[in-house]
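Remarks on the structure that follows.
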Amino acid sequence: MRLDTVDQEYMYSGHVGCPGCGAAIAMRFFLKAIGKRTIMVIPACCWSVIAGPYPQSTLKIPVLHTAFETGGAVATGVRAALDIKGDSETTVVTWAGDGGTFDIGFQALSGAVERNENFLYVCYDNEAYMNTGVQRSSSTPYGAWTTTTPGQEWKRLRKKNIVEALCAHRIPYAATASIAFPEDLVQKAKKAKAMTGSRFIHIFSSCPTGWRMPSEMSVKIARMAVQTNIFPLYEVEEGLRYTINYTPKGYLVNEYFRLQGRFKHLTEGDLASIQEMVNEDWELLRRKAGEYSS
Amino acid sequence: MQQVLEGSHAVSEAVRLARVQVISAYPITPQTHIMERLSEYCADGNMGARFLRVESEHSALAALIGASTSGVRTFTATSSQGLALMHELLHWASGARLPIVMAEVNRAMAPGWNIWADQTDSLAQRDTGWIQLYCEEGQEVLDTTIQSYRLAESVNLPVMVILDAFFLSHTFEPVDVPEQESVDRFLPPYQPKFQLDPENPCAFNQLAPPDVYMEMRYNIQSAMDYALDRFEEVEEEYFSIFGRRYQAVEPVQCEDAEIILVTSGTVTSTSRQVLADLRARGEKVGLLKVKLFRPFPVSLIRRLVSPASKVAVIDRNFSFGASGIFAQEVRAALCNLPGHPPVFGYVAGLGGRDVTTAIIEDIYWRTKNAGIPEQESFWVGISEVSHAIGHC
């Protein structure tokens with residue numbers, strides 16, 4: 001599939017992300033899809049830094065940086081102001097990390113989605129508080145080392161399923177996407193842009209720094225997360241109608257875990273348990289897609 | 001037009017007349033009547049505003065930060081716990097230089113649960129960069145709310161219009177509600193210098209390293225200094241159209257006063273009565289009502305109280321480990337003035353306890369009969385039981 005938006009650039013050189021930053025790749029592709037008439041709200045996250053310090057900005061769209069837990073609420077206010085000014089053309093986007101979405105910003109997000117605010121919320125998910133130095137979040141997966149789940153205290157709890165939580169709100173559109181599948185990501189961003197009401201895209205964004213892997217592995221690891229069903233690509237309309245966008249050949253999870261330092265402590269037994277969890281989640285998703293196929 | 005209005009509804013009328021465009025709120029007693037009336041106005045078309053029914057006070061202010069940065073006029077109202085929950089975003093709104101106006105109904109902080117009048121909630125936010133205006137009665141509430149938009153939008157700082165729980169928020173008084181045309185003449189549409197605009201993409205509130213942050217903070221203080229002058233100009237302009245003004249600090253019979261009582265909020269009204277009674281008995285007493293608390297009108301206060309021999313500050317608030325907060329501020333304003341009068345601090349009326357004429361008169365006589373202040377704060381009317389609990 002050819003990307004017809006590939007020539008448009010709204011993210012310029014000079015960003016201050018780490019080498020191989022998945023969040024930077026995610027932003028670049030997302031902006032190609034969403035276009036110029038966008039106002040972006042960025043609560044505290046890696047992108048508060050990546051965009052660069054005053055007076056420069058690497059983004060050629062208007063950006064409102066705001067407090068950690070306010071992504072849903074600030075976007076609500078921006079949308080209300082645009083509506084009252086008669087601007088129905090501009091898309092309001094909140095761009096937040098997993099901490100600002102799954103944890104501290106969840107209340108404001110839930111409130112905004114319950115009100116069906118007309119905006120698009122994007123969570124770029126690097127599975128921990130990377131900006132503050134790799135602390136665990138409720139998005140950190142089972143088995144992961146972080147600086148607050150060190151040594152044998154590695155996280156023995158499952159990652160929160162944020163898409164399911166939003167589907168419980170009957171959100172008009174929720175989708176997962178990956179930096180390793182840009183065509184799919186661009187298509188979902190464009191689809192979401194064309195809709196009204198609350199929309200949510202969950203982008204898997206690898207983090208070489210926090211995942212303890214070489215920077216050149218960023219896209220490969222993101223691809224493997226999809227291919228192993230650890231992070232399936234799917235979309236849900238009205239919280240009910242599931243579509244799986246990519247059915248992998250069923251690679252085993254071991255290789256994905258073996259390549260990342262954050263998982264190096266896991267035993268074969270641990271990996272076997274994780275494989276079971278991944279299989280269980282995938283079957284559950286397939287059942288939903290089968291029952292409610294669009 | 002003269003109407004009998006509840007203090008809360010005086011706020012609502014002013015917000016309608018100010019042609020506010022985005023309102024956002026979360027309910028808390030005793031703020032609710034303000035927002036209920038506004039939600040009715042929005043629902044029945046009396047106002048062309050968007051009314052956002054958000055899921056917390058934190059989100060109420062966050063939404064206004066988004067709306068105000070998008071270039072529209074905004075309003076919210078809260079109280080006590082709600083204001084405390086907003087704390088982080090109070091800093092954000094002033095740091096982002098947004099002219100948001102908020103009505104704040106002074107209510108005690110929990111625990112124990114207490115919904116009654118107490119200024120500690122708003123005074124605990126004195127360092128957040130908001131202009132604070134304390135009101136005494138319903139007409140003042142309406143006029144101050146309208147004026148606040150002129151003030152906020154000319155200095156790019158947010159404003160809190162503050163009224164006592166129940167004593168003011170739920171009390172009905174005759175209030176002159178101005179005509180829309182007159183208010184339009186006083187308050188033109190909001191036209192921000194900067195706003196979120198896809199045609200002119202800018203980043204707001206981004207990373208500010210040490211080489212720029214301090215200047216940004218200095219600019220806020222410069223705006224606060226400017227607000228002192230601007231407040232007087234706004235009042236003059238308002239007076240020229242509506243014939244009413246309140247002053248940052250209102251002196252009542254201070255010229256020849258030996259003792260000056262310093263008050264704020266509704267305690268002022270009761271104090272006016274005490275002043276009249278004491279004057280009738282030949283006592284040389286004056287009253288100073290402090291309306292503008294941030295920026296604190298240091299020069300005015302110095303000038304007005306320095307001729308007196310004693311100053312007695314009544315605080316319906318407290319800073320634990322220190323003293324009543326208005327007393328702190330008055331002391332700080334006077335400390336570099338050679339030979340200034342001693343400042344007596346009195347704490348009264350916390351958690352909605354009545355501050356009666358008898359209490360205020362007692363404060364006067366205590367001050368008159370004392371030599372110098374023996375403590376930073378004297379707690380008026382404390383019972384023995386309370387003392388016992390205090391040492392546990």
Check: Considering only the stretch B:219-243, how many residues are closer than 24 Å to B:Gly138 by Cβ and either over 18 Å from the mean Cα position of the chain (by Cα) or among the aliphatic types (A, V, I, L, M) (or both)?
Finding: 9
Next item on the list: For the stretch B:169-181, state whether one or more residues are open to solvent by 30 Å² or more (accessible area, probe 1.4 Å), within 14 Å of chain A (Cβ to nearest Cβ) and in contact with a strand residue (DSSP E or B) (Cβ under 7 Å, 6 or more places away or on another chain).
Entry: no
Check: Restricting attention to the stretch A:172-184, which residues are part of a loop (DSSP other than H, G, I, E, B) and crowded, with 23+ Cβ neighbours inside 10 Å?
Finding: A:Ile179, A:Ala180
Notebook entry, point to check: Within the stretch B:1-58, which residues are assigned to a strand (DSSP E or B), within 14 Å of another protein chain (Cβ to nearest Cβ) and open to solvent by 60 Å² or more (accessible area, probe 1.4 Å)?
Noted result: B:Arg50, B:Arg53
Next item on the list: Would you confirm whether any residue within the stretch A:134-150 is free of Cβ contacts under 8 Å to residues at least 12 places away in the same chain and over 29 Å from A:Thr76 (Cβ atoms)?
Entry: yes
Next item on the list: Give the residue that is most open to solvent (accessible area, probe 1.4 Å), with candidates limited to residues of the stretch B:182-229 that are within 14 Å of chain A (Cβ to nearest Cβ) and among the aliphatic types (A, V, I, L, M).
Entry: B:Met214
Notebook entry, point to check: What is the number of the single condition among (1) over 20 Å from B:Arg126 (Cβ atoms); (2) surrounded by 20 or more Cβ atoms within 10 Å (Cβ to Cβ) that B:Ala280 does not meet?
Noted result: (2)
Check: Does B:Ala248 qualify as being touching a strand residue (DSSP E or B) at 6+ places or on another chain (Cβ under 8 Å), among the small types (Gly, Ala, Ser) and under 21 Å from B:Leu123 (Cα atoms)?
Finding: yes
Note to self: Criterion first (away from chain A (no Cβ under 14 Å), part of a loop (DSSP other than H, G, I, E, B) and open to solvent by less than 50 Å² (accessible area, probe 1.4 Å)) does B:Pro111 satisfy it?
What the structure shows: no
Item checked: Selection count, the stretch A:203-228, where residues are crowded, with 21+ Cβ neighbours inside 10 Å and outside any helix (DSSP H, G or I) -> 6
Item checked: Among the candidates A:Val93, A:Val74, residue that is farther than 16 Å from A:His202 by Cα and either among the hydrophobic types (A, V, I, L, M, F, W, C) or open to solvent by less than 30 Å² (accessible area, probe 1.4 Å) (or both) -> A:Val74
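Listed here are the residues, each with its yes/no results for (1) open to solvent by less than 10 Å² (accessible area, probe 1.4 Å); (2) within 14 Å of chain B (Cβ to nearest Cβ); (3) over 30 Å from A:Thr196 (Cα atoms).
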site	(1), (2), (3)
A:Gln135	no, no, yes
A:Thr140	yes, no, yes
A:Trp145	no, no, yes
A:Glu153	no, no, yes
A:Lys160	no, no, no
A:Glu164	no, no, no
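One line per residue, one yes/no per condition, for (1) more than 14 Å from chain B (Cβ to nearest Cβ); (2) in a loop (DSSP other than H, G, I, E, B):
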| site | (1), (2) |
| --- | --- |
| A:Leu64 | no, no |
| A:Ala80 | no, no |
| A:Gly86 | no, yes |
| A:Thr94 | no, no |
| A:Phe102 | yes, no |
| A:Leu109 | no, no |
| A:Glu127 | yes, yes |
| A:Asn131 | no, yes |
Checklist line | Candidates A:Gly100, A:Gly111, A:Gly20 - the one that is open to solvent by less than 30 Å² (accessible area, probe 1.4 Å), in contact with a Phe, Trp or Tyr (Cβ under 7 Å, 6 or more places away or on another chain) and modelled with pLDDT of 95 or more | finding: A:Gly100
Next item on the list: Determine whether the stretch A:272-291 contains at least one residue that is open to solvent by less than 40 Å² (accessible area, probe 1.4 Å), at pLDDT 95 or above and not in a helix (DSSP H, G or I).
Entry: no
Next item on the list: Scan (1) open to solvent by 10 Å² or more (accessible area, probe 1.4 Å); (2) out of contact with any Gly (no Cβ under 6 Å at 6 or more places or on another chain) for the single condition B:Trp116 breaks and write down its number.
Entry: (2)
Check: Is at least one residue of the stretch B:63-86 more than 10 Å from chain A (Cβ to nearest Cβ), part of a helix (DSSP H, G or I) and touching a Gly at 6+ places or on another chain (Cβ under 7 Å)?
Finding: no
Next item on the list: Taking the residues in the stretch A:23-62 that are part of a helix (DSSP H, G or I) and at the interface with chain B (Cβ under 7 Å from one of its Cβ atoms) as candidates, determine which candidate is least open to solvent (accessible area, probe 1.4 Å).
Entry: A:Ser48
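The values are calculated or read from the model by the stated rules, or taken from the named source; none is laboratory data. Every value quoted in this text rests on a predicted model; they were computed, and no experiment measured them. For neighbour counting, all protein chains shown are included, and Cβ atoms are generated from backbone atoms with ideal geometry for every residue, glycine included. These area figures cover heavy atoms from the full protein model, side chains too; ligands, DNA and RNA do not enter into them. Shrake-Rupley method; radii C 1.70, N 1.55, O 1.52, S 1.80 Å.
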